[in-house]
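Engineer: This is the structure I have questions about; it appears just below.
No value in this document is a laboratory result; all are computed from the given coordinates. Since we're looking at a predicted model, the values are computed, not measured. Cβ placement follows ideal geometry from the backbone for every residue including glycine, while neighbour counts extend to all protein chains displayed.
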Amino acid sequence: MSSLVVLGTTEQGLMYAIMVLGVYLTFRILNYADLTVDGSFTLGAATAATLITSGYNPWFATGVAFILGCLAGSFTGILHTKFKITPLLSGILTMTALYSINLRVMGKANISLLRERTIFSDFESLPYMQEYGVLILAFLTVVIIGFFIYLFLETEFGLALRATGDNELMIRSLGVNTDLMKITGLALSNGLVAFAGSYVAQNQLFADISMGIGMIIIGLASVIIGEVLIGTRTIAKAVLAVLCGGVIYRGIIAIVLQLGLVATDLKLITALIVILALITPQLRSKFSRPLKNV
Amino acid sequence: MLNVQNLVKIFNKGSVNEKTALDNISFNLNKGEFVTIIGSNGAGKSSFLNAIAGNFPTDSGTVIISDKNVTTLPQYERAKYISRVYQDPMSGTAASMTIEENLVMALRRGEKRRLKLAIRNKDKDFFRQELRKLGLGLEDRLTTKVSLLSGGQRQALTLLMATFKEPELLLLDEHTAALDPKTAEKVLQLTCDVTRDSNLTTLMITHNLDQALNVGDRTIMMHEGRIILDIHGEQRKTVTINDLLKMFENASGTQFHTDRALFA
């Protein structure tokens, strides 16, 4: 693999890692399979691209993407907690609604950011940043966000959030409004996902209506890969694991592509990775101790 | 302390499965009193505790705790006053979190959860000191995940979490029933110690009639959503298990389901 491919893959991996961290917050911390992600990733990209092409400051556009992502997540959370719609369906409803909303935001199916000012072009214009500016900005972002999410999960609020996903009955009886926890968790998660979407769009210099499709599965695959390779003994380790998982996933995809597989097969491969990871524990227990006929 | 007036709860109202879980219950509990609750399955014991804790809205009646009317408060807002230990040792702790994390969450019971680091060093000393009282060696395992503990250890931990920040009212829902006899004995002993030392107002459901008469200072019996027997003071000291069974038959007109009760 050429060094250019390695560089590009790492940059992309770091940006996707932010999305993976979002998926981790719902899937692992809240124990909630949130499909909003497919819509909110595109929402972030669409928002940033639209604002930037309309002449807004790219940093401002990225911030707005985060906030709109939070709103999308809260909407899913409200559907689930206040109106008792199942987690899966709540996410699908928001995701479906977001498809139309994203098209409205963009006004067309894709927007090019060629020759537009982006956070990366800003950063690359700083001294010494011309060559590795994208990599450094993406890395700094991941480190800062990862650190703050770790700290957040160690706060009183963060503990209550984790307990909501672990034992809702218990933490409610300790005086925590678990509905509020779920809504906050979903908001933060989708905020991060949309934020990642805005980064990816500004890096690849376009936003596309279909760029979020399958994002939840990519997120799950990355979370699982990271957890398997690095472990989850402490929260710090788990956060590090999912961030690395995001980068490693991109690495695997890059290698697979180099081996000659076509890009359209990627979703199949990703799904297979997730299926394998999900069924392995069950297969293991099934084969290691067969039940006797009683 | 706890004052329950004409409390009614009907499940599946208006359907063929309609079931009156609480039938106009009135009940008064003084501060520091320890009441054991017995009754056959479906008598409404757990529903009674659930109604007090706010797990579901009731149909009519009032619940007053320490002069505060909590009838319409959701469960999480009543947590300020109430601690609870369930029968299932898994349900009182968060398995994927460490012992100290579980403890600190209990220490903040009923408080607003803030964006500040949850565990400080002075908390750890306090936790060690409290865990030492359990005599299970957990004081050296603050950062162990709760999923690695046995059922008995988890239930002892839950009891500690329910009581070390003293609640106005402690609800125990057959909290020793799922443990092996020796562990059950230990957890019950811990219960008696802590409720006596802190003078906690306690409601304990049990299926063990011996426990029902010898633990605490008052026994009530429930049947079909009503309290049909309430014994305390001198009378309670002379009552035997057989007397209790007879009283049940007289008061309810049916047999007490005794297998589990007698041999529990």
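Engineer: Over chain B, what relative contact order in percent results from Cα pairs under 8 Å that are six or more residues apart?
Structural biologist: Relative contact order of chain B: 26 percent.
Engineer: Using Cα pairs under 8 angstrom and six or more residues apart, how large is the relative contact order of chain A, in percent?
Structural biologist: Rounded, it is 35 percent for chain A.
Engineer: With labels modelled as points extended 7 Å from the Cα through the Cβ direction, what inter-label distance (nm, one decimal) is found for B:THR143 paired with B:SER66?
Structural biologist: The two pseudo-label positions are separated by 3.6 nm.
Engineer: Cα-Cα over 31 Å: which of A:LYS182/B:LYS124; A:LYS82/B:LYS122; B:LYS116/B:LYS165; A:LYS286/B:LYS19; A:LYS182/B:LYS116?
Structural biologist: Cα-Cα > 31 Å for A:LYS82/B:LYS122; A:LYS286/B:LYS19; rest within.
Engineer: Hey, another quick one. Along the Cα→Cβ direction, 7 angstrom out, place labels at B:PHE11 and B:GLN129. What is the inter-label distance in nm?
Structural biologist: Result for the modelled spin labels: 4.4 nm.
Engineer: What lysines does B:LYS13 reach when the alpha-carbon gap must be under 21 Å and sequence neighbours fewer than 8 apart in one chain are set aside?
Structural biologist: Qualifying lysines at Cα under 21 Å: A:LYS84, B:LYS45.
Engineer: Quick check on the exposure proxy: order A:THR184, B:THR191 from fewest to most C-beta atoms within 10 angstrom. Mind dumping the intermediate values first?
Structural biologist: On the way: A:THR184 21, B:THR191 25.
Ranking A:THR184, B:THR191 by Cβ neighbours within 10 Å, fewest first, gives A:THR184, B:THR191.
Engineer: Going by a ≥ b ≥ c, the root eigenvalues of the Cα gyration tensor, does the range A:58-155 fall in the rounded group (a/c under 1.5), the prolate group (a/b larger than b/c) or the oblate group?
Structural biologist: Because a/c hits 1.5 or more and a/b fails to exceed b/c, the range A:58-155 counts as oblate.
Engineer: Any idea what the dipole of chain B comes to, in debye rounded to 20, about its Cα centre with Lys/Arg Cβ at +1 and Asp/Glu Cβ at -1?
Structural biologist: In total the dipole reaches around 1000 debye.
Engineer: Here's a follow-up. Restricting to Cα atoms and excluding each atom paired with itself, what does the Kirkwood estimate give for chain A in Å? Present the calculation step by step, with values, prior to reporting the outcome.
Structural biologist: Values: mean 1/r = 0.0510 Å⁻¹.
Value: 19.6 Å, from the Cα pair sum.
Engineer: In the range B:7-160, if the dipole is taken from +1 on Lys/Arg beta carbons and -1 on Asp/Glu beta carbons about the Cα centre, which of B:LEU131, B:LEU157, B:ILE37 is farthest to the positive end?
Structural biologist: B:LEU131
Engineer: Give the calculated FRET efficiency between A:PHE206 and B:ASP230 to the nearest 0.05, with a Förster radius of 60 Å applied to their Cβ-Cβ distance.
Structural biologist: 0.20
Engineer: Additional query: From zero up to wherever the largest Cα-Cα distance of the protein assembly as shown sits, split into 20 Å bins and tell me the percent of pairs in each.
Structural biologist: 19, 42, 28, 10, 1
Engineer: Who wins for biggest fluctuation among B:ASP123, B:ASP217, B:ASP197 in a Gaussian network model of chain B, springs between alpha carbons below 10 Å?
Structural biologist: For chain B, modelled as a Gaussian network with Cα springs under 10 Å, the answer is B:ASP197.
Engineer: Looking at the range A:207-294, which trypsin sites (Lys or Arg not before Pro) are in a loop (DSSP not H, G, I, E or B) and have at most 10 other Cβ atoms within 10 Å? The partial results should precede the final answer.
Structural biologist: On the way: sites: A:ARG233, A:LYS237, A:ARG250, A:LYS267, A:ARG284, A:LYS286, A:LYS292; in loops: A:ARG233, A:LYS292.
Passing both the DSSP loop test and the Cβ count: A:LYS292.
Engineer: Would you grab the residues whose amide H sits under 5 Å from the one on B:GLU166? Only those 5+ places off in sequence or on another chain, please, with H modelled 1.01 Å from N.
Structural biologist: none
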